[in-house]
Amino acid sequence: MTSGRRRGVQSIDRAVAILRCFDTAHPELGISDLARRTGLSTSTTHRLLSALQDNRLVRQSRDRRYALGPLLLRLARVGAAPASVLDAARPVMTRLRDEVDETVGLHVLLPTRERAVIDQVESRQPLRRTYTEFGAPIPLPLGAPGKVLLAALPYDVQEAVLARPITATSPGNSPGTSPATSPADPTEPDVLRKQLVGIRRRNVAFSRAERTSGIRTVASAVFDGADLPVASLSVSAPAGRMPEERMEEYAPLVVAAAWSISEQLGATREGVAAYLTRAEPPPG
């Protein structure tokens with residue numbers, strides 16, 4: 001009995017060791033990489049990864065490498081895994097919702113250079129934006145919450161993201177298929193590069209039915225104590241209640257709210273400005 005219990009604990013220890021291998025510098029790792037980093041055999045690593053994948057703690061990427069899975073974010077969503085950005089954001093989100101009476105969303109930057117919705121404070125209006133895909137990875141070029149994060153990433157990372165095929169799981173789409181686009185939904189890298197310059201300058205991005213028909217969104221990036229982009233804050237509403245002038249009206253409110261969260265996390269304006277120089281295209 002004791003021996004069996006110890007073997008179970010050892011398996012948990014080894015699984016945690018695998019999860020600890022992933023970080024912002026290594027968002028995706030292969031079996032050989034993980035075996036080398038943990039000191040486990042390849043067969044043991046493969047067995048543990050299979051169990052982690054079955055439980056959605058890791059997921060397999062397109063090139064058969066591994067990345068952290070959506071269950072970790074969903075656990076954070078319900079408070080099982082406390083996250084300081086959630087703690088800092090929630091009161092700010094509620095205040096912003098009360099001010100504009102539209103749905104406020106919180107989106108985190110994933111190690112895979114995608115984003116995921118992890119929290120919302122819904123509008124009280126009968127017709128409103130409601131997020132349902134908590135924890136699901138969404139490409140950064142799709143929608144204002146992702147684009148404002150993409151604009152803040154180092155230039156070489158931006159280029160790597162723009163080189164990817166844009167696919168998503170979104171309302172009305174099957175997993176792995178290209179989402180429906182609209183004239184206001186540019187996906188060409190050259191068009192997006194021009195957008196990112198303006199987004200970075202103001203720390204605000206707009207989207208007009210880019211992921212969900214009839215919904216418009218304003219978003220601003222959130223930075224942590226290391227002055228790195230970690231999340232974005234958004235206000236979303238039906239297009240009928242959010243014409244262009246209303247989007248511009250909401251923009252400074254969203255930017256101020258996002259910065260309030262950033263300050264609570266320890267970000268400084270000087271540090272963020274210095275970090276954002278890495279997001280600019282190289283001269284020439």
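The values are calculated or read from the model by the stated rules, or taken from the named source; none is laboratory data. Just so you know, these numbers come straight off a predicted model, no measurement behind them. With ideal geometry, Cβ positions are generated from the backbone for all residues, glycine too; neighbour counts draw on all protein chains shown. Accessible surface areas use protein heavy atoms only, side chains included; no ligands, DNA or RNA. Shrake-Rupley method; radii C 1.70, N 1.55, O 1.52, S 1.80 Å.
Tell me which of these residue 105 doesn't satisfy, since it passes every other one: (1) more than 20 Å from residue 198 (Cα to Cα); (2) open to solvent by 10 Å² or more (accessible area, probe 1.4 Å); (3) out of contact with any helix residue (DSSP H, G or I) (no Cβ under 6 Å at 6 or more places or on another chain).
Tallying (1) more than 20 Å from residue 198 (Cα to Cα); (2) open to solvent by 10 Å² or more (accessible area, probe 1.4 Å); (3) out of contact with any helix residue (DSSP H, G or I) (no Cβ under 6 Å at 6 or more places or on another chain), residue 105 fails exactly one: (2).
Is it the case, given these coordinates, that residue 111 is under 19 Å from the mean Cα position of the chain (by Cα), modelled with pLDDT of 80 or more and within 21 Å of residue 221 (Cβ to Cβ)?
Working: under 19 Å from the mean Cα position of the chain (by Cα): yes; modelled with pLDDT of 80 or more: yes; within 21 Å of residue 221 (Cβ to Cβ): yes.
Yes; evaluated as a whole, the condition is true for this residue.
Checking the structure you have, find out if any residue of segment 95-104 is at pLDDT 90 or above, in a strand (DSSP E or B) and within 14 Å of residue 235 (Cα to Cα). Step through it out loud before you land on a result.
Within segment 95-104, the subset at pLDDT 90 or above is 95-104.
Within this subset, residues satisfying the condition of being in a strand (DSSP E or B) are 103-104.
Going one step further and asking which of them are within 14 Å of residue 235 (Cα to Cα), we end up with 103-104.
Yes: segment 95-104 contains one or more residues that are at pLDDT 90 or above, in a strand (DSSP E or B) and within 14 Å of residue 235 (Cα to Cα).
Please verify whether residue 60 is polar (S, T, N, Q), touching a strand residue (DSSP E or B) at 6+ places or on another chain (Cβ under 8 Å) and modelled with pLDDT of 90 or more, treating the condition exactly as stated.
Values: polar (S, T, N, Q): yes; touching a strand residue (DSSP E or B) at 6+ places or on another chain (Cβ under 8 Å): yes; modelled with pLDDT of 90 or more: no.
Judged against the criteria, residue 60 is not a match.
Give me a count of the residues in segment 109-130 that are in contact with a helix residue (DSSP H, G or I) (Cβ under 7 Å, 6 or more places away or on another chain) and aliphatic (A, V, I, L, M).
4
When segment 8-40 is examined, which residues are found to be among the charged types (D, E, K, R), in a helix (DSSP H, G or I) and within 11 Å of residue 58 (Cβ to Cβ)? Write out each step before concluding.
Of all residues in segment 8-40, those among the charged types (D, E, K, R) come to 13-14, 20, 23, 28, 33, 36-37.
Narrowing further to those that are in a helix (DSSP H, G or I): 13-14, 33, 36-37.
If the condition is that a residue be among the charged types (D, E, K, R), in a helix (DSSP H, G or I) and within 11 Å of residue 58 (Cβ to Cβ), then no residue fits.
Looking at (1) open to solvent by 40 Å² or more (accessible area, probe 1.4 Å); (2) outside any strand (DSSP E or B), which is the only condition residue 267 fails?
Among (1) open to solvent by 40 Å² or more (accessible area, probe 1.4 Å); (2) outside any strand (DSSP E or B), the lone unmet condition for residue 267 is (1).
Could you pull out every one of the strands (runs of 3 or more DSSP E) wholly within segment 162-249 that has 1 or more residues that are out of contact with any helix residue (DSSP H, G or I) (no Cβ under 9 Å at 6 or more places or on another chain) and either modelled with pLDDT of 95 or more or surrounded by 13 or more Cβ atoms within 10 Å (Cβ to Cβ) (or both)?
Values: elements: 205-208, 215-223, 229-238.
Result: 229-238.
Tally up the residues in segment 250-263 that are buried (at least 19 other Cβ atoms within 10 Å of the Cβ) and polar (S, T, N, Q), please.
Keep residues of segment 250-263 that are buried (at least 19 other Cβ atoms within 10 Å of the Cβ), which gives 250-251, 254-255, 257-259, 261-262.
This time we only want the ones that are polar (S, T, N, Q), so: 262.
Looking only at that region, the number is 1.
Would you be able to tell me the number of residues in segment 136-153 that are farther than 15 Å from residue 165 by Cβ and either surrounded by fewer than 23 Cβ atoms within 10 Å (Cβ to Cβ) or of a type in the set (Phe, Trp, Tyr) (or both)?
1
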